[in-house]
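Read the structure below first, then the notes.
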Amino acid sequence: MNQAVAVAAQPAGPRRSAGRRLWRIWDQASIYLPVLLMGVLALGSYWLVRITPTPAVESVHPEVGSEPDHFMRRFSVKVFNSDGSLRTEIQGEEARHYPDSGRMEIDTARIRSYSEAGQLTVASARQVASNAAKTEFVLEGDAVVVREGLRDATGRLITQPMEFQGDFLRVNTADDTVFSDRPVTIIRGADRLAADRLSYQGDSRTAKLSGKVRVQLQPRRP
């Protein structure tokens, strides 16, 4: 007599079930692994940028020094007003320009400058230093400043020519002034005045002399 033998299936062992679960978890995690790695790299890069010191940025502008940046020899420079008329002309044997202040030093200089009223002033010296705007001039060594007479519309002379002589003169064409803290001589026509210090105001045509003052006046004809 045949006997049927039933064999019950043995349940899978705990180790095999656990291995399958881990495999499924790893399979799902592997889908997001590239994204996770990119996130880690991004965070690492951001951290490195934060902790890396920023290098000092070098200035792209050169430092302005006190040494002359260019020279001119046997030159002539003209400065014009807004209407095109000549305001100042400067001539010299040699000039040196200083970029820190814009000033210019001129050897064996001669300067011609016109006031707003059209009065001409001519200055010369062994050395002249001017400001950047070319409105103030310091004359040293055989300094001479000659102010021509001013005439009205009819040609009548309303101001006499004047000449200033000295070893040091400071001329400001904007304020129309002449100053010196050293001995100076003023020549006006046939009259001569000498003093240790001078302050001249061109707008009022007045001169303030101080120190030892010497005056030589010629008699006026009636």
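The values are calculated or read from the model by the stated rules, or taken from the named source; none is laboratory data. These figures come from a predicted structure and were not determined experimentally. As a convention, Cβ positions derive from the backbone with ideal geometry for all residues, glycine included, and neighbour counts pool all protein chains shown. Side chains included, ligands, DNA and RNA excluded: accessible areas come from the protein's heavy atoms. Shrake-Rupley method; radii C 1.70, N 1.55, O 1.52, S 1.80 Å.
Considering only region 136-167, how many residues are within 18 Å of Gly92 (Cβ to Cβ) and hydrophobic (A, V, I, L, M, F, W, C)?
Of the residues in region 136-167, 7 are within 18 Å of Gly92 (Cβ to Cβ) and hydrophobic (A, V, I, L, M, F, W, C).
Restricting the search to region 75-93, which residues are over 22 Å from the mean Cα position of the chain (by Cα), modelled with pLDDT under 90, surrounded by 11 or more Cβ atoms within 10 Å (Cβ to Cβ) and more than 19 Å from Asp175 (Cα to Cα)?
Phe75
Among the numbered criteria (1) in contact (Cβ under 8 Å) with a residue 60 or more places away in the chain; (2) on the phi > 0 side of the Ramachandran plot; (3) not β-branched (Val, Ile, Thr), which one does Ser113 miss?
All conditions pass for Ser113, except number (2).
So which of Arg96, Arg50 ends up being farther than 25 Å from Thr177 by Cβ and at pLDDT 85 or above?
On the way: Arg50 fails: at pLDDT 85 or above.
Unique residue meeting the criteria: Arg96.
Restricting the search to region 185-198, which residues are under 34 Å from the mean Cα position of the chain (by Cα) and hydrophobic (A, V, I, L, M, F, W, C)?
Leu198
Six or more apart or on different chains, Cβ under 7 Å: which pairs go from a residue in region 86-110 that's hydroxyl-bearing (Ser, Thr, Tyr) to one that's open to solvent by less than 40 Å² (accessible area, probe 1.4 Å) and assigned to a strand (DSSP E or B)? Could you list them?
So the pair list comes out as Thr88/Val79; Thr88/Ile111; Thr88/Ser113; Thr108/Gly92.
Answer yes if at least one residue in region 103-126 is open to solvent by less than 70 Å² (accessible area, probe 1.4 Å), among the polar types (S, T, N, Q) and farther than 19 Å from Asp176 by Cα, and no otherwise. Don't jump to the end; show me each part of the working.
Within region 103-126, the first condition is being open to solvent by less than 70 Å² (accessible area, probe 1.4 Å), and the residues that meet it are 104-107, 109, 111-113, 115, 118-125.
After this cut, where a residue has to be among the polar types (S, T, N, Q) as well, the list is 113, 115, 119, 121, 124.
Of the ones still in play, those that are also farther than 19 Å from Asp176 by Cα are none.
Checked region 103-126: no residue is open to solvent by less than 70 Å² (accessible area, probe 1.4 Å), among the polar types (S, T, N, Q) and farther than 19 Å from Asp176 by Cα.
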